[in-house]
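J.: Can you keep this structure in mind? I'll have questions shortly.
The values are calculated or read from the model by the stated rules, or taken from the named source; none is laboratory data. Values in this document were obtained by computation on a predicted structure and should not be read as measured data. Don't worry about glycine lacking a Cβ; one is built from the backbone with ideal geometry, like all the others, and counts go over all protein chains shown. All accessible areas refer to the heavy atoms of the entire protein, side chains included, with ligands and DNA or RNA removed. Shrake-Rupley method; radii C 1.70, N 1.55, O 1.52, S 1.80 Å.
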Amino acid sequence: MTTPYDDNNVFAKILRGDLPAYKLYEDADTFAFMDIMPRGDGHCLVIPKAPSRNILDVSPESLAAVGRTTQKLARAVMKAFAADGVTVQQFNESAGGQVVFHLHVHIIPRFDGVALKPHTGTMEKSEVLSANADRIRAALAE
């Protein structure tokens, strides 16, 4: 049995405006922003606006919206960073690696021969996140 959705999780707080975020894209159903503990330059996240813990309880409509926005952001980060590829990750439940229990998709530009940084919990400098966000927003606008 899974735990009920907690509307005080960090991503719910970002959606409400209770916590800041480096916003990249927003539509009626989704919100995309920079990961503040990136595993690579340009690492960003896509979340649904509708409350859902993960892929196991999200509505099909909300999941489809997340998929559309994920594709849009994947194309933008590839362009913004002249990446060789992109890693898209999504984790479900603690045993599956999920840490924040609001559905979210990681999008990470990748480069030949460059490994992902380990997830250390270290926050990136705000000027780096801001500059990377500007690059992605510019690619989205093209």
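J.: Using Stokes-Einstein with the Kirkwood hydrodynamic radius over Cα pairs, what translational diffusion coefficient do you get for the chain at 20 °C and a viscosity of 1.002 mPa s, in µm²/s rounded to a whole number?
T.: Estimated diffusion coefficient is 140 µm²/s.
J.: Moving on. Using the Cα centre of the chain as origin and beta-carbon charges of +1 (Lys, Arg) and -1 (Asp, Glu), tell me which of F81, N9, A64 is placed farthest towards the positive end of the dipole.
T.: Of the candidates, F81 comes out farthest on the positive side.
J.: Could you please state how large a percent of the accessible area of segment 60-142 is carbon and sulfur, counting protein chains only and using a 1.4 Å probe? Walk me through the numbers before you get to the answer.
T.: Values: 2610 of 4650 Å².
About 56 percent, which is the carbon plus sulfur part of the accessible surface.
J.: Calculate, in nm to one decimal, what A138 and I55 gain on full extension: separation in residues at 0.36 nm each, minus their alpha carbon distance. It would help to have the intermediate numbers written out before the result.
T.: On the way: separation 83, 0.36 × 83 = 29.88 nm, distance 2.99 nm.
Extending this stretch completely gives an extra 26.9 nm.
J.: Quick one: how many lysine pairs in segment 1-114 have C-alpha atoms under 17 angstrom apart, if they're 8 or more apart or on different chains?
T.: Final tally of qualifying lysine pairs is 5.
J.: Rg(Cα) of segment 45-114 divided by 2.2 N^0.38 Å?
T.: On the way: Rg = 13.0 Å, N = 70, 2.2 N^0.38 = 11.1 Å.
Output field value: 1.18.
J.: Would you mind working out the accessible area per residue for the chain, using a 1.4 Å probe, and quoting it in Å²?
T.: 54 Å²
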